[in-house]
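Notes follow once the structure below has been shown.
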Amino acid sequence: MGFTNEDTNPEIDFASEKYDIILLLLIDMQLTRYIQELLYQHECVTVPYFGAFLTRSYEAHVSVNGYFSPPRKEVNFNQLLTANDGVLAHYFAQKEGLSYEHALRLIEKEVSSWKRRLQTQTLRFSGVGELRLNKERKIEFLPWGKVNFDLNSFGLSSFQKNPLIKTTILNSMENSTKEDLMFTPEKKKSASKKSPLLRYAAIGIIGVALLSAAYYFSDQYVTQERILAQEKAQQKIEKNVQEATFDLGTLNTIEVTVDATPAVVPPDQVYYSVIAGSFRSLDNAEKKVRQLIDEGYPAALAAVNPNGLYRVAYGRYDSKKEAINMLYFLKYTLEEDAWYLEEK
């Protein structure tokens, strides 16, 4: 028995539409949270067909007025990097118990919603920043500066070191009846001239010693707290790396003979690379290298990143100028996705 248009229940359609809206809101909240979690582990988190969030490292800094800032990583957004590197989709699939293809479809659907909303409102990524269109209708990213994505600085915060102020404590000594009995008038006169100076000098020495001891022990305490915070941060990094594994299922075995090997950078050699992408699989990385070589690029494998991902470079150069020229040619002439890496 079939259903005609007259049999359609508008209440059911409304409930279905309401369910889709709730589902999109849940996916939006989950994706923004997963992007924030991945930024602690990866230098680049790409949202397919939308853009990439990149982190940049800064060293610890102490200003002239004594303001201390710990090492930090700040996030930025590049709308030209839209190629899917699989990091976000795999992480989303693992967390939600979905297949990789299903997770990728949900991400693409949510990206379409983001692009529509971006035309009229601001997109907020919790713990990361905001995206909006400027007067030229180009995407503008405003990071939330309070978030530090450097796990080595976990537990460390900025603070102002106040200068120590030396104070002298003056104690007035009152003459007692016993002092009148212990000294003759001549001895008391001479003693009254010397004893206040000696007393004040002794009090000053004791005050300086107390201040020095307080400064020493406070400095020792701050040093110990930093060491403990770094140990906690290291434990958290190891835990996150152990948890960040992906189950890709069983793949068919393919025998491939490849000459390319992961690049080993000599200790004193510096390379300037233009990166085409990062891959968890060495086979996929080598396949990308062969593809770029066939297209005429001096492609090679760059140094493996700290999380074990294989970087593929359009080219690796001894000169920074050559690398920057290649990067600008790829991005602004060929409109290809690429980013710059300095290998030390």
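The values are calculated or read from the model by the stated rules, or taken from the named source; none is laboratory data. As the structure is a prediction and not an experimental result, all values here were calculated from the model. Cβ coordinates were reconstructed from backbone atoms using ideal geometry, including for glycine residues, and neighbour counts include every protein chain displayed.
Which residues, counting only those in region 314-344, are in a strand (DSSP E or B) and under 19 Å from Thr55 (Cβ atoms)? Quick ask: steps written out before the conclusion?
The initial filter retains those residues of region 314-344 that are in a strand (DSSP E or B), namely 314-317, 339-343.
Result: Trp339, Tyr340, Leu341, Glu342, Glu343.
Which of the residues that make up region 287-306 are crowded, with 16+ Cβ neighbours inside 10 Å and in contact with an Asp or Glu (Cβ under 9 Å, 6 or more places away or on another chain)? Answer for region 287-306, where residues must be crowded, with 16+ Cβ neighbours inside 10 Å and in contact with an Asp or Glu (Cβ under 9 Å, 6 or more places away or on another chain): Leu301, Ala302, Ala303. Within region 38-83, the set of residues being free of Cβ contacts under 8 Å to residues at least 40 places away in the same chain and charged (D, E, K, R) comprises Arg56, Glu59. Selection over region 25-49 of residues that are assigned to a loop (DSSP other than H, G, I, E, B), closer than 24 Å to Glu336 by Cβ and either of a type in the set (Ser, Thr, Tyr) or not assigned by TED's automatic domain parsing to the domain that holds Leu118 (or both) gives a count of 1.
Checking each residue in region 127-147 for being surrounded by 13 or more Cβ atoms within 10 Å (Cβ to Cβ) and either within 24 Å of the chain's Cα centre (by Cα) or assigned to a loop (DSSP other than H, G, I, E, B) (or both) picks out Gly127, Val128, Gly129, Glu130, Leu131, Arg132, Ile139, Glu140, Phe141, Pro143, Trp144, Val147. For region 54-106, the tally of residues that are β-branched (Val, Ile, Thr) and surrounded by fewer than 17 Cβ atoms within 10 Å (Cβ to Cβ) stands at 3.
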